[in-house]
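Below is one structure, written out as C-alpha cells; comments come after it.
The values are calculated or read from the model by the stated rules, or taken from the named source; none is laboratory data. The structure presented is a predicted model; accordingly, all values stated were derived computationally and were not measured. Methodologically, a virtual Cβ is constructed for each residue, glycine included, from the backbone with ideal geometry; neighbour enumeration extends over all protein chains shown.
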C-alpha cells in the first residue's frame with residue numbers, strides 16, 4: 001500500500017512539478033483508490049464463505 005501512495009505522490013509532486021502542496025492530493029487519491037478496491041472486493045462476496 002505504501003508503494004502506491006509513494007508512486008502517486010511522486011507523480012504529482014516531482015514528475016508533474018506541482019510542488020509539495022499537492023502531496024495532500026496524492027494521499028487523497030491513494031485513500032480513494034483503496035476504498036474503491038475494498039468496495040470491489042466486498043461486492044465479490046468471497047468473504048461470505050470464509051470459515052472462522
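Any residue at all in the stretch 29-47 that is at pLDDT below 85, exposed (fewer than 10 other Cβ atoms within 10 Å of the Cβ), at positive phi and outside any helix (DSSP H, G or I)? Give the derivation first.
Going residue by residue through the stretch 29-47, those that are at pLDDT below 85 are 29-30, 47.
Filter once more, so that each one left must be exposed (fewer than 10 other Cβ atoms within 10 Å of the Cβ): 47.
Subsequent filtering for residues that are at positive phi retains none.
No, that holds for no residue.
Within the stretch 4-28, being surrounded by 11 or more Cβ atoms within 10 Å (Cβ to Cβ) and assigned to a loop (DSSP other than H, G, I, E, B) holds for one residue alone: 18.
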